[in-house]
Amino acid sequence: MNERARVWLSAVWSVLAVTLMLLVSGCDVDHASDAATPGADAGDAAVAPGRGEAGAGNGGASEAGTGDDGCPDGTWDHDGDAATACVAWTVCPPGAYVTTAPSGRTDRTCAACATGSFSEVDNAASCAPWRTCAPGSHVSTPGSSTSERACAACAAGTYSSSANQATCVPLGACAAGTVQTSPATATTPAVCAPCELGTYCAGATAPKATCAEGTWDHDNDPATQCEAWTSCMQGQSVGADGSATTDRTCIACASGSFSTASNAASCQAWSACAPGTYVHVPGTATADRTCLPCTTGTFSPGINQSTCQPQGACVAGTEQTSPATPTTPAVCAPCAAGTYCAGGEAPRVACPGGTWDHDGNAATACVPWTSCAPGQSVGATGSTTADRTCTACASGAFSQTNDAPSCTSWTSCAPGTYVSAPGSTVADRQCATCAADTYTSAANQTVCLPQGACAAGTEQTSPATATSPAVCAVCPAGTYCPGGATPRAACGAGTWDHDGDAATACTPWTSCAAGQSVATAGSVTTDRTCTACASGSFSATSNAPSCAAWSTCTAGTHVSQVGTASADRQCATCAEGTFTSSPNQAACLPQGACAAGTEQTSPATPTSPPVCAACAAGTYCAGGAAPKVACAAGTWDHDGDAATACAPRTDCVAGQRVATDGDATTDRRARRARAGASARRRTRRAARRGRAARRGAT
């Protein structure tokens, strides 16, 4: 078959393929047969535009005007999920053609034009073969996957001996596609040998060149230059690499995979959107699927969910032990003391260091331990369920920092010195040396006395004389002696010798505030001591002898006001339709109702939900507080489900008789009546009566 015949057949096949696609899509094909005639160039074939998309040049693909399942024209349901938006069909660019027409349920698929053919428009129905440059001409512009080959006649004095020559060679020189094995002489032409496939021979004296890496002998003609292998587009992967004699092949990414680079070695599977996420942007052949986490208060139970669903929420003071599912709410459990549960999906949080569960209620946030101020020391370190306790520094001791582990004793001012600044619970005692002609005879004197006078803290037992000082005696604890000749005074009621030093005045006992109780009563030598009310107890007055336990909110009530160290716990009765089953609950829970198919055996109370029992077959239970009802006469439990009403038994129609009448759990069964049976029985009875009458007559 000559070259012109091959071109003509190729054009005819292209027209037939396009015509078949137009017929399938319902387009007008009246003029399709005009696209090619014998002898015309293959590249001149034209296909009438379809109703779906415009066609030009070498064939626009004709496709349906609207998508299936409600997708607008030009889009398709890429994931079979009506909840997601339709996406645009893939566009086959110039250099490719449509292998499968799109619809509302399927995407358009494309394939690259084979070497030696081209398409110039988007969504071409087929690729047209390049024009053949006959012997005597040469290729002036090489063809590509997107443009036609152009030819030009050989100039005078040159020739080409075969089709599609890149250049015309001088007469007598080796033609393109051959290599010179012997040069021309004065009497003989050059000897030329054909070049093998996978090489390029430019002719004349040019050497043979093997196709370089990444190129191939695309037309099996060593007279034409090697061309680059086909480039696999995004949405494809390399099926097989090319060689010097074969092109690279490409494979479209299968559904569920993609490629984003040219000549990808393989297509990657779309990312899976894990439970707890949803598909934000669906995957395509050229882009990965993207996922986003479900927003707060929603969930997705499986992979690749198109949307997240709303969840139920656990109340504050409880933690979620099982998440919600499509058929059940979240399962919640009360949180233990020493923790904080904010509710919802928030995890249980143990009270962090330095904080405690001040009210025994996990629904409220943990609060910091009490801070022991200067003038106090830590009595007991706090925990997650108990506060830090503080103890006031005893008289004669001090602390100057917060949360001091212990109080430090005041400095003792020795005899010969005096107290220049008295000590306090927050500052040390300061001492100074007595001036000349003064003295102190005991420690911690507030002033230095002229010699001969009794110092504070002593009482004069003998007055001074002209030749001797006064005789002084140390005053006992629990008294106050200002010195000199002033008599000793015992500490009054409610006061004590706070520093064991009779030189200083007696001070009032410590007052125990609300939230504390008296640990030990005071005396003239000891202070009143206080102790903080333990968790679960309180005192509302000063100097309370003891702390009272918080009131117990019994089952059927809930805590309306939490107890503190200085106030009692307050309770409130559960509202109608709610209950608590144990004491001191932070909130009342809904009682709930019996489901259809069960009957209430015990009603709900303020302390418990209703008790429900499954109803037996042959009964109907509507749920709630409705009583169980046995199936009435003529009806039966047709589905064995007490949640549905009893149905009438089947009626026997004409020509049937009752086989079994049925009961509350079985239907009536019918049996076909035997024709003429009653008449035959009547005939036999009449015959017997006749024979009996004849025997009586004889």
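Go through HIS218, PHE258, GLY302 and say which Cα lies farthest out towards the positive end of the charge dipole of region 214-304; charges sit on Cβ, +1 for Lys and Arg, -1 for Asp and Glu. Checking the options against the dipole of region 214-304, the answer is GLY302.
Sorted ascending by nearby beta carbons within 10 Å, beginning with the fewest, SER182, SER383 become SER182, SER383. Under 5 Å between amide hydrogens, built in the peptide plane, is the criterion, and for CYS332 it picks out THR321 among residues at least 5 positions away or on other chains. Under 5 Å from the amide H of THR557 lie the amide H atoms of CYS574, THR580, each residue being 5 or more positions distant or on a separate chain, with H modelled from the backbone and absent for Pro and chain starts.
Each residue of region 518-532 was assigned a 3J(HN,Hα) from its phi angle through the Karplus expression (A = 6.51, B = -1.76, C = 1.60, θ = phi - 60°), giving 6, 7, 9, 6, x, 9, 6, 10, 10, 7, 5, 10, 10, 9, 5 Hz with x at Gly and Pro.
Modelled spin-label separation between LYS628 and THR660, with each label point placed 7 Å from Cα along the Cα-to-Cβ direction: 2.3 nm. Close amide H partners of TYR439, meaning residues 5 or more places away or on another chain with modelled amide H under 5 Å apart, are LEU449, GLN451. Summarising the overall dimensions of region 591-670 from its C-alpha atoms, the Rg and Dmax are 16.4, 62 angstrom.
In order along region 115-121, the phi-based Karplus estimate (6.51 cos²θ - 1.76 cosθ + 1.60, θ = phi - 60°) of 3J(HN,Hα) comes to 4, x, 9, 8, 9, 10, 10 Hz; Gly and Pro are listed as x.
All of the numbers you see were taken from the coordinates with simple rules; none came from a lab. If you're wondering where the values come from, they're calculated on a predicted model, not measured in any experiment. Neighbour counts run over all protein chains shown; Cβ positions are idealised from the backbone, glycine included.
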